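*Asks:* Here it is, the structure in full.
The values are calculated or read from the model by the stated rules, or taken from the named source; none is laboratory data. All values derive from a computational prediction rather than experimental measurement. We place every Cβ from the backbone using ideal geometry, glycine too, and count neighbours over all the protein chains shown. We work out accessible area using only protein heavy atoms, side chains counted, and drop any ligands, DNA or RNA first. Shrake-Rupley method; radii C 1.70, N 1.55, O 1.52, S 1.80 Å.
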Amino acid sequence: MATYTLPELPYDYAALEPVIDPQIIELHHDKHHAAYVKGANDTLEQLEEARDKEAWGAVNGLQKNLAFHLSGHILHSIYWHNMSGDGGGEPLAADGLGDLADALTDSFGSYAGFKSQLTKAAATTQGSGWGVLAYEPLSGRLIVEQVYDHQGNVGQGSVPILVFDAWEHAFYLQYKNQKVDFIEAMWRVVNWQDVAQRYAAAKERADVLLLAP
């Protein structure tokens, strides 16, 4: 069975300047994201050993470790593509983003309301975590979620389409303890084309994401 691998960045380390310093991108991807990949693979091996030996004393910790590392890997894999040096602004129909723009208005009342909610969710996540825009297939609407320590307040069938990393390793070298400043700056590099593609893909898969009728 295939193990998890670290994806390559879709741009070079300096592509998101001045919003994110190249040193942060390098450390964040090559060290932190790589550690989540290794952690997920190591935990799978440990669970395999537990099954072989029928040794389940550590299963609770192993399951939490798998959730922690796998969530970190998946969220970071989305995060890199959610950003672009040519990003920012607001999703507009004139840019081919009408479906996403309409969905944001329908789900949050306005783009401004959505932006404010995701900003606050990311900035106030308890401890370390993420602010996430997700497609919720049961209602067909977009929702904002908080992920703390890669666990969190998430709907079980929801699909992340835009993620804001609010862990200190994502910003501290540049923004120090000013997490809110970093979150506000992140809006300048959002790759709305990527978000729109993820939204369209999530809608197409909605009927197979949940067993509920």
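*Asks:* Which whole-number percent is the relative contact order of the stretch 1-106 (Cα, under 8 Å, 6+ apart)?
*Replies:* Numbers: 64 pairs, mean separation 29.1, N = 106.
Taking the mean separation of contacting Cα pairs over the length of the stretch 1-106, I get 27 percent.
*Asks:* In a Debye calculation with equal point scatterers on the alpha-carbon sites of the stretch 66-186 and no solvent, what is log10 I(q)/I(0) at q = 0.17, 0.18 Å⁻¹?
*Replies:* For the stretch 66-186 at q = 0.17, 0.18 Å⁻¹, log10 I(q)/I(0) is -0.89, -1.00.
*Asks:* Determine, from the Cβ-Cβ distance of SER116 and GLN156 and an R0 of 35 Å, the FRET efficiency 1/(1 + (r/R0)^6), rounded to the nearest 0.05. Could you put the intermediate results ahead of the total?
*Replies:* On the way: r = 26 Å, r/R0 = 0.74.
Efficiency for this residue pair is about 0.85.
*Asks:* Roughly how many percent of the accessible protein surface of the chain is carbon and sulfur, given a 1.4 Å probe and a whole-percent answer?
*Replies:* Details: 5550 of 11080 Å².
Exposed carbon and sulfur together represent 50 percent of the surface.
*Asks:* If eta is 0.890 mPa s and T is 25 °C, what Stokes-Einstein diffusion coefficient results for the stretch 21-133, Kirkwood Rh from Cα pairs, in µm²/s?
*Replies:* Values: Rh = 17.1 Å.
Translational D for this selection: 143 µm²/s.
*Asks:* Sticking with this one: Quick check on the stretch 1-41: what does the Kirkwood estimate of hydrodynamic radius come out to from the alpha carbon pairs, in Å?
*Replies:* Details: mean 1/r = 0.0904 Å⁻¹.
Every distinct Cα pair counted, the radius reaches 11.1 Å.
*Asks:* Quick one: among ASP52, ASP42, ASP149, which has the greatest mean-square fluctuation in a GNM of the chain with alpha-carbon springs under 10 angstrom?
*Replies:* Largest GNM mean-square fluctuation: ASP52.
*Asks:* As a check on your grasp of the helix formula, calculate [θ] at 222 nm for the chain: sum -39500 (n - 2.57) over DSSP H runs of n ≥ 4, divide by the residue count, round to the nearest 500.
*Replies:* The helix contribution divided over the chain gives -14500 deg cm²/dmol.
*Asks:* Could you tell me the center-to-center distance, by alpha carbons, between the stretch 122-156 and the stretch 15-65 in angstrom?
*Replies:* 20
*Asks:* Name the helices (complete DSSP H segments) of the chain with a Cα length along the long axis of 20 Å or more and a Kyte-Doolittle mean of at least 0.0, or state none.
*Replies:* Values: long enough: 34-53 (29 Å, -1.01); 59-81 (33 Å, 0.05).
Qualifying helices, which must be both long enough and hydrophobic enough, are 59-81.
*Asks:* If you wrap the chain's Cα atoms in a convex hull and average its projection over all directions, what's the area in nm²? Don't skip to the answer; put the middle values down first.
*Replies:* Numbers: hull surface 51.9 nm².
That works out to 13.0 nm².
*Asks:* A follow-up question, please. Before I look further, what does the chain give for accessible area per residue, probe 1.4 Å, in whole square angstrom?
*Replies:* Details: 11080 Å² over 213 residues.
Value returned for the chain: 52 Å² of accessible area per residue.
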